[in-house]
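Following: one structure in structure tokens, then a few remarks.
The values are calculated or read from the model by the stated rules, or taken from the named source; none is laboratory data. The model shown is predicted, which means the values in this text are computed figures rather than measured ones. Glycine gets a Cβ as well: all are built from the backbone with ideal geometry, and neighbour counts include every protein chain shown. Quick note on the areas: whole protein, heavy atoms, side chains included, nothing else; ligands and nucleic acids left out. Shrake-Rupley method; radii C 1.70, N 1.55, O 1.52, S 1.80 Å.
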Amino acid sequence: MTFYPEMFLSKWHLITLALIAIAWIALIVGGYDRRVVLRSGFGAIIGLYIITTIPIAVITYQEKSIDTAMREQSDRHYEYKMQQLDGPVREIDRLTVATGSFRDDDLYEIRIYAGNYNDSYRFHGSLTVRTYDEQGQILDERMFDDLYIEPGEVKKIDSYYTSSQFETYRYQFTPDQDS
């Protein structure tokens with residue numbers, strides 16, 4: 001299991017701080033003895049931190065794992081693409097897309113990542129991504145205009161929900177005429 005600092009200290013832990021403040025205020029307003037307020041207040045800090053951190057850690061770990069998997073898929077796709085080209089490579093050939101389908105209850109979250117494996121070429125243009133079912137029928141088509149991808153960058157382009165997962169996908173980068 002990979003350690004992500006966001007699992008144990010994130011903006012979502014502000015919920016914990018609010019709950020701790022409420023607990024301390026309730027103890028003080030309740031007129032409890034100072035010793036009881038301190039002991040129970042510190043117990044509330046520990047208990048509330050643990051209670052809120054468990055779901056935050058699970059969600060953060062899942063998000064980071066999916067992000068890592070998509071970036072690795074982009075890397076593998078680029079390596080495969082370079083092996084297939086086996087010759088002179090244009091700048092546009094060093095761009096890749098990784099698309100994944102992740103089950104979320106009754107729906108599937110579709111995530112689209114794009115990578116630019118050039119050393120100096122900055123892509124500016126559009127990207128069209130089509131997903132297909134097992135029979136080769138188009139399930140969805142997304143177009144992203146005015147897209148910038150810096151050299152060496154792999155980034156999340158989009159995510160959306162759908163009722164079915166896809167079998168395969170195809171994509172096309174179209175550079176801006178001014179690029």
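Overview of values
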read-out	value
Order of exposure, largest accessible area first, which applies to ILE46, ILE56 with probe 1.4 Å	ILE46, ILE56
Placed amide H near GLU167: partners under 5 Å, 5+ positions off or other chain	TYR132, ASP133, GLU134
Charge sum, other residues only, whose C-beta stays under 10 Å from TYR78's C-beta, Lys/Arg counted +1 and Asp/Glu -1	0
Carbon plus sulfur fraction of accessible area for the chain, probe 1.4 Å, in percent	54
Cβ-defined net charge surrounding ARG103, 13 Å radius [Lys, Arg +1; Asp, Glu -1]	-3
Pairs of lysines in the chain (C-alpha under 19 Å apart; 8 or more residues apart or interchain)	4
Å² of accessible area per residue within segment 1-135, as computed with a 1.4 Å probe and no ligands counted	63
q = 0.09, 0.10 Å⁻¹, the chain: log10 I(q)/I(0) [Debye, one scatterer per Cα]	-0.51, -0.58
